[in-house]
Amino acid sequence: MEHAHAHHEHDAHHQHHDSDHGGQGTGHGHGKASWAVAAKATLHCLTGCAIGEVLGMVIGTALGWGNVATTILAIVLAFFFGYALTLRGILAAGVDLRTAVRVALAADTLSIAVMELIDNGVIALWPGAMDAHLADALFWIVLAISLALAFVVTTPVNKWLIGRGKGHAVVHRYHR
């Protein structure tokens, strides 16, 4: 069965755990953001994206869906889990749901979109990857490579956003 690999890091999306940096280089305002903070934010986003993508591929494959439908499901789930991880942290800080949703959307949308574009682009262009099954080594190798590339491309995007007080810098305002 096909597994339309929608494995993305939702990257850029879910960096609410960066508050443990004591405000240094976190982009709480405008200015420079450290690479460490950007990488942590990207990894958080990647986690949500990867969960959603793999789950989408497993569901699509189990239901016998084609590549396009499976990929769409995986991307939707990548955004869902990317936002969900960020929401979890914001809600834990005592923020109301409506505000938390707005913050998560503002913080993660560009990051997740970049991750999904890179991840799915690699899979779509890699010879044989779209037709590999979950039991095939090619599927998992290309997925790992696509997620790694998505991380590498999305980290500078998050650094840029955080340095301008956007992206995960918005999330940081809700952490102690």
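The values are calculated or read from the model by the stated rules, or taken from the named source; none is laboratory data. This structure is a prediction, so every number in the text was calculated from the model and none was measured. Note: ideal-geometry Cβ built from the backbone for every residue, glycine included; neighbour counts use all protein chains shown. SASA here: full protein model, heavy atoms, side chains in, ligands and nucleic acids out. Shrake-Rupley method; radii C 1.70, N 1.55, O 1.52, S 1.80 Å.
Can you work out which of the residues in the stretch 125-159 that are part of a loop (DSSP other than H, G, I, E, B) and open to solvent by less than 60 Å² (accessible area, probe 1.4 Å) is farthest from Leu110 (Cα to Cα)?
Narrowing the stretch 125-159 to residues part of a loop (DSSP other than H, G, I, E, B): 126-128, 132-136.
Subsequent filtering for residues that are open to solvent by less than 60 Å² (accessible area, probe 1.4 Å) retains 128, 132, 134, 136.
Details: Gly128: 29, Ala132: 29, Leu134: 28, Asp136: 31 Å.
Restricting to residues being part of a loop (DSSP other than H, G, I, E, B) and open to solvent by less than 60 Å² (accessible area, probe 1.4 Å), the top hit is Asp136.
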**OP:** Could you please tell me which pairs satisfy a Cβ distance under 6 Å, a separation of 6+ or placement on different chains, a first residue in the stretch 130-141 that is farther than 14 Å from Trp65 by Cα, and a second residue that is hydrophobic (A, V, I, L, M, F, W, C) and open to solvent by less than 70 Å² (accessible area, probe 1.4 Å)?
**Re:** Leu138/Ala132; Phe139/Ala132
Subject >> Within the stretch 54-72, tally of residues that are surrounded by 15 or more Cβ atoms within 10 Å (Cβ to Cβ) and closer than 19 Å to Gly121 by Cβ >> reply: 9
Original post:
Would you say His3 is within 26 Å of Ala135 (Cα to Cα), surrounded by 24 or more Cβ atoms within 10 Å (Cβ to Cβ), modelled with pLDDT under 90 and over 17 Å from the mean Cα position of the chain (by Cα)?
Top reply: yes
Original post:
Can you tell which of Thr99, Thr109 is free of Cβ contacts under 8 Å to residues at least 60 places away in the same chain, part of a helix (DSSP H, G or I), open to solvent by less than 60 Å² (accessible area, probe 1.4 Å) and hydroxyl-bearing (Ser, Thr, Tyr)?
Top reply: Thr99
Original post:
Among all residue pairs at least 6 apart or on different chains, which show Cβ distances below 7 Å where the first residue, located in the stretch 114-126, is closer than 15 Å to Ile141 by Cα and the second is open to solvent by less than 10 Å² (accessible area, probe 1.4 Å) and hydroxyl-bearing (Ser, Thr, Tyr)?
Top reply: Asp119/Ser146; Val122/Ser146; Ile123/Ser146
